[in-house]
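Report on the following structure.
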Amino acid sequence: MQKLDVFAVLREAWDLTRQNLNPLLGASLLTFAILVACAMVLVQIYASMQGLDLTDAEQLQQAMQPIQLVLVILLAPFEASLAYMGWRRATGQDTSLSMLFRSFAMALPLALIALVTAVLVNLGLALLILPGVYLMAVLSQANLYYLFHQGSPMKAMIDSAKVVHGQLFAVITLYSAMIAIMMLAMIPMGLGLVLAIPMFFHMKGVLFRELFPELSPDAPVEATPEANDNARSDSHFEA
């Protein structure tokens with residue numbers, strides 16, 4: 001595999017965003033609204049059970065701590081779907097808002113991938129920082145990779161990490177650039193996120209296409225019924 005052209009990936013992600021913000025913008029906003037609503041309800045329930053006063057900043061923070069873990073689990077299928085939509089745009093396929101809920105049939109394994117990734121990354125950051133950055137990078141494509149291969153979540157994490165490891169510098173550079181773009185986007189009262197968030201998922205889609213070209217719908221396959229069946233099953237997932 002040739003080395004990734006970081007600027008080409010970012011340029012294509014921006015072009016895809018500029019050409020059509022929807023449905024990724026709508027899907028991102030809907031995800032945000034769902035997570036905020038869930039967080040508010042869960043915090044209220046937890047505070048009532050524990051007798052916490054949510055008007056007190058310290059007690060509010062105490063109530064939010066266990067809810068953060070729940071939000072990681074809830075976010076997992078949404079994040080995978082958003083990345084999948086970005087990949088479809090990057091491979092010239094149609095996307096729709098309904099695809100946001102397409103990953104929910106695999107919510108449990110996706111949540112497991114998100115939790116294991118979060119634990120490993122936090123441990124790595126707590127130890128020497130660099131191991132955490134490395135793990136964050138090599139596991140960044142695991143959820144989207146799982147949508148195509150399914151099976152064992154751990155195997156999906158390992159197999160995708162092996163591929164990303166070969167392009168480690170480019171992947172870290174891409175995510176670093178997107179973090180910088182996100183930070184700049186928040187300066188004008190957060191309005192820049194309207195462009196930055198769809199661009200992030202377009203970037204993930206373009207990156208995934210480049211890392212795993214065999215999963216693209218126009219990827220060449222052997223002219224056998226078995227190969228054609230495998231190609232179809234790998235390029236799409238049913239929910």
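The values are calculated or read from the model by the stated rules, or taken from the named source; none is laboratory data. This one's a predicted model, so the numbers in the text were calculated from it and none came from an experiment. In this analysis, Cβ positions are derived from the backbone assuming ideal geometry, glycine residues included, and neighbour counts consider all displayed protein chains. Keep in mind that these areas ignore ligands, DNA and RNA; they rest on the heavy atoms of the full protein, side chains included. Shrake-Rupley method; radii C 1.70, N 1.55, O 1.52, S 1.80 Å.
Observations on the model:
- For Ser98, the accessible area of its heavy atoms, probed at 1.4 Å with every protein chain present, is near 80 square angstrom.
- Among Gly132, Leu82, Ser176 - extreme Cα towards positive end, dipole of the chain, charges at beta-carbon: Ser176
- Extension reserve of the His165-His149 stretch, reckoned as 0.36 nm per residue once the Cα distance is removed: 3.9 nm
- Degrees separating the helix 24-50 axis from the principal Cα axis of the chain, which is the longest one: 30 degrees
- Share of carbon and sulfur in the accessible heavy-atom surface of region 1-42 [1.4 Å probe, %]: 68 percent
- Carbon and sulfur %, accessible surface of region 182-222 computed with the full protein complex present, 1.4 Å: 74 percent
- 0 to 90° range, to nearest 10: angle between helix 225-235 axis and the chain longest Cα axis: 30 degrees
- Between Val116 and Ser96, the FRET efficiency estimated from the beta carbon spacing at R0 = 41 angstrom works out to 0.85.
- Charge dipole of region 33-164 (Cα centre as origin; +1 on each Lys and Arg Cβ, -1 on each Asp and Glu Cβ, all else neutral): 580 debye, rounded to the nearest 20.
- Computed over the Cα atoms of region 1-156, pair by distinct pair, the Kirkwood hydrodynamic radius stands at 17.7 angstrom.
- Full extension of the chain between Gln62 and Phe104 gives 12.2 nm of extra length, using 0.36 nm per residue less the Cα-Cα distance.
- Residue among Val70, Ala105, Phe212 farthest towards the positive dipole end of the chain, charges placed on Cβ: Phe212
- Per residue accessible area in Å² of the chain, where ligands, DNA and RNA are left out and the probe is 1.4 Å: 54 Å²
- Förster radius 30 Å - calculated FRET efficiency between Met183 and Leu69, Cβ distance, rounded to 0.05: 0.75
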